[in-house]
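This report refers to the structure that appears directly beneath it.
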Ligand SMILES: [Fe+2]
Ligand SMILES: [Fe+2]
């Protein structure tokens, strides 16, 4: 059962889906990082070359300014044409640099150069169309070709700055945008991964809960079958096991109010106790009919045989424990079966345990079992009224029963009476 459950979980489609998502995310993150480092390299190489171009262009500007002997930033149209031509030549030289082409080719990005060249040629032509108007009217004119832009104006400084920005700042902006896209993609991948994990964890917990409830159903069915089998052999009816389960639960809940038992008697323990109770006489299956069903009192020898039923029951459940995995519950059931005939003063059986050495489950079961025997009809006796049952139990405080459990019983005896009246035999 346990192995089956684990196998089912590990073979589930959810696991495959998780692995798939994980792989996709890792591959995309790795791919994006690789692409990013390549783009970064491209941008660096290109930036350096273009920066060289612009620097030489600036140097040219200073030289010509000196020649003009003028502080005015305004240049005439002819001078502008001259600089534009120089810049274009410098840029083309950069584009034609075999070293740059080779380096970009190494990274599979040689297509960058033709696109810059095409853009520049287009830009240059457009500038030619508006140049003369700008210089005569003293206006500004913004030109944009793909990712290049130039502000045409009669301010020479402005023209140069816009040319510079067009190549350097724009390529940096593009890089920044690319980085943002990378970060966003990585972020999204991680988000998808986390969401998938949450989804799968949630799904798996549902599968686990489903398996747990099926396991509990199977357990309860097994226990009912075992308990019923024991009852079939006895003269007691099925109501005895139902009532004692309710009595032991009542007692346990009352005992849980005592500080020394508060931690021990948790919900799980009480539920296990309630499920174990019906099995207390399972060992009677091993007692022969002539002893078990004898109408009169048992002889000493017969009683000795009868006294083996707690050990027989515990033994048969240990065999079940070896093949099933409900260990926490079975341990408690075995303990309860083995000790339900022990007495507080040490005169019980099978081991003659005394006081607190008797497991709590056995001490609780003893009272529940005896109350039910007293308050219901048996072949050898009629049912005692509730008050008489209470009196007998009170008289056995410290003898048959744990004084604290008797105290708990007295606190809830009215509840015992209600159960006894509402679940009568027959
Ligand atoms: Fe018993
Ligand atoms: Fe019983």
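The values are calculated or read from the model by the stated rules, or taken from the named source; none is laboratory data. All of these numbers come straight from a predicted model, not from anything done at the bench. Don't worry about glycine lacking a Cβ; one is built from the backbone with ideal geometry, like all the others, and counts go over all protein chains shown.
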Just checking, which of 294, 257, 274 is modelled with pLDDT of 90 or more and not in a helix (DSSP H, G or I)? 257
With the checklist (1) more than 14 Å from ligand 1 (Cβ to nearest atom); (2) closer than 30 Å to residue 215 by Cα; (3) free of Cβ contacts under 8 Å to residues at least 40 places away in the same chain in hand, flag the one item residue 312 doesn't pass. (1)
Of the residues 388, 381, 414, which is more than 15 Å from ligand 1 (Cβ to nearest atom) and closer than 21 Å to residue 238 by Cβ? 381
Single match in 315, 284 (criterion: assigned to a helix (DSSP H, G or I) and more than 16 Å from ligand 2 (Cβ to nearest atom)): 315
For segment 328-342, which residues satisfy the criterion of being away from ligand 1 (no atom under 13 Å from the Cβ) and either in contact (Cβ under 8 Å) with a residue 12 or more places away in the chain or over 15 Å from residue 270 (Cα atoms) (or both)? 328, 329, 330, 332, 333, 334, 335
All conditions in (1) under 29 Å from residue 323 (Cα atoms); (2) more than 16 Å from ligand 2 (Cβ to nearest atom); (3) more than 37 Å from the chain's Cα centre (by Cα) are true of residue 268 except (3)
Using beta carbons and a limit of 6 Å, which pairs, at least six apart or on different chains, have the first residue in segment 364-384 and assigned by TED's automatic domain parsing to the domain that holds residue 406 and the second one part of a loop (DSSP other than H, G, I, E, B) and buried (at least 23 other Cβ atoms within 10 Å of the Cβ)? 365/280; 365/340; 366/340
Here is a check on your reading of the model: is residue 345 more than 15 Å from ligand 1 (Cβ to nearest atom), in contact (Cβ under 8 Å) with a residue 40 or more places away in the chain and over 19 Å from residue 218 (Cα atoms)? yes
